[in-house]
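Chemist: Right, I'll just put the structure down here and ask away after.
The values are calculated or read from the model by the stated rules, or taken from the named source; none is laboratory data. No experiment lies behind these values; they were computed from the predicted model shown. All Cβ positions, even for glycine, are placed from backbone atoms using ideal geometry, and neighbour counts span all protein chains on display. Each accessible area value is taken on the protein alone, full model and side chains, heavy atoms only, with ligands, DNA and RNA left out. Shrake-Rupley method; radii C 1.70, N 1.55, O 1.52, S 1.80 Å.
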Amino acid sequence: MKRRLLILIFMICAIADSAAQTDMPRFTFGTECSYTATFFNGHRNYFIAPEGFRVDDRQDEFKYFSNGECYLHTGYNFNEKWNLSLYIGYTSIGLYHTGLPISLRATRFFGQDHLSDRWFTYVDVGTGVSFQSTPKPFIISKMGGGYRLSLSRYSKLDFIVSFRWINTYPDVYYYGEIIDNEDIGRHAAYTAALSFGIGLTF
């Protein structure tokens with residue numbers, strides 16, 4: 001146990017030391033806004049209708065919806081190539097609802113000089129709370145990349161493209177009438193989208 005603890009402490013110190021050996025800021029914060037082109041929506045709902053019979057409602061469709069999202073983020077630069085950040089914001093999810101997502105993003109930069117313009121790629125995974133009659137959780141994941149313009153040592157401008165997938169639990173309606181949660185047996189929805197965004201990091 002002591003050996004494992006010493007190894008963990010050594011690894012943390014090594015990572016912190018690698019960041020300290022550069023002139024780049026360790027901590028980052030900023031904002032990001034994206035236009036999200038949702039192109040696929042689907043749901044699986046199994047519930048009891050107001051008339052008393054069971055309904056198995058399934059649908060998958062390729063249909064276009066214009067959505068948007070904005071985030072605030074704060075993170076840590078481990079070294080010249082790796083950053084881990086916490087994102088929190090506001091997003092629209094297909095035709096279903098809006099929500100407040102919270103996620104962790106690991107970003108890999110290419111090139112050694114953080115003062116130069118360079119490419120990057122990232123993976124983003126998190127959860128959130130939907131804004132609807134009964135707030136419910138959802139799961140959000142992204143894979144993407146982009147190009148970073150270095151405006152100065154402390155400020156960067158990012159151009160971002162990503163693929164977004166969300167699993168959520170929207171309210172269930174039957175001919176315009178909302179179904180009570182106790183009458184719902186199975187309940188899920190999902191969306192796929194492409195996002196095009198711009199971000200400013202300090």
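Chemist: Output the residues belonging to the stretch 156-177 that are in contact (Cβ under 8 Å) with a residue 24 or more places away in the chain, more than 24 Å from T127 (Cα to Cα) and loosely packed, with under 13 Cβ neighbours inside 10 Å.
Modeler: Scanning the stretch 156-177 gives a single hit, E177.
Chemist: I would also like to ask the following. Suppose we filter the stretch 179-202 for residues that are under 26 Å from N41 (Cα atoms) and surrounded by 13 or more Cβ atoms within 10 Å (Cβ to Cβ); how many remain? Spell out how you get there, then give the answer.
Modeler: Residues of the stretch 179-202 that are under 26 Å from N41 (Cα atoms), as a first pass: 179-198.
Going one step further and asking which of them are surrounded by 13 or more Cβ atoms within 10 Å (Cβ to Cβ), we end up with 179, 181, 183-184, 187-198.
Result for the stretch 179-202: 16.
Chemist: Is there any pair with a first residue in the stretch 75-103 that is at negative phi and a second that is of a type in the set (K, R) and surrounded by 20 or more Cβ atoms within 10 Å (Cβ to Cβ) whose Cβ atoms are under 6 Å apart and which are 6 or more apart or on different chains, and what are they?
Modeler: S85/R105; Y87/R105
Chemist: Can you pull out the strands (runs of 3 or more DSSP E) entirely within the stretch 88-202 that have at least 1 residues that are acidic (D, E) and at pLDDT below 95?
Modeler: Numbers: elements: 97-109, 118-131, 137-150, 156-168, 184-201.
By residue number, no strands (runs of 3 or more DSSP E) qualify.
Chemist: Restricting to the stretch 128-146, give me the number of residues that are in contact with a Phe, Trp or Tyr (Cβ under 7 Å, 6 or more places away or on another chain), surrounded by 14 or more Cβ atoms within 10 Å (Cβ to Cβ) and either of a type in the set (S, T, N, Q) or over 14 Å from I93 (Cα atoms) (or both).
Modeler: 5
Chemist: Which one is surrounded by the fewest Cβ atoms within 10 Å (Cβ to Cβ), of the residues in the stretch 86-121 that are closer than 16 Å to G197 by Cβ and under 11 Å from the mean Cα position of the chain (by Cα)?
Modeler: Applying the filter and picking the extreme gives I88.
Chemist: Condition first: of a type in the set (V, I, T), open to solvent by 50 Å² or more (accessible area, probe 1.4 Å) and modelled with pLDDT under 95. Now tell me which residues in the stretch 3-33 satisfy that.
Modeler: From the stretch 3-33, those of a type in the set (V, I, T) are 7, 9, 12, 15, 22, 28, 31; that's our starting set.
Now narrow it down to the ones that are open to solvent by 50 Å² or more (accessible area, probe 1.4 Å): 7, 9, 12, 15, 31.
Within the stretch 3-33, I7, I9, I12, I15 meet the criteria.
Chemist: Still on this structure, I have one more. Could you run through the stretch 34-53 and say how many residues are open to solvent by 80 Å² or more (accessible area, probe 1.4 Å) and in contact (Cβ under 8 Å) with a residue 12 or more places away in the chain?
Modeler: Here is the first cut: in the stretch 34-53, the ones open to solvent by 80 Å² or more (accessible area, probe 1.4 Å) are 35, 51, 53.
Filter again for in contact (Cβ under 8 Å) with a residue 12 or more places away in the chain, leaving 35.
Going through the stretch 34-53 one residue at a time, the tally reaches 1.
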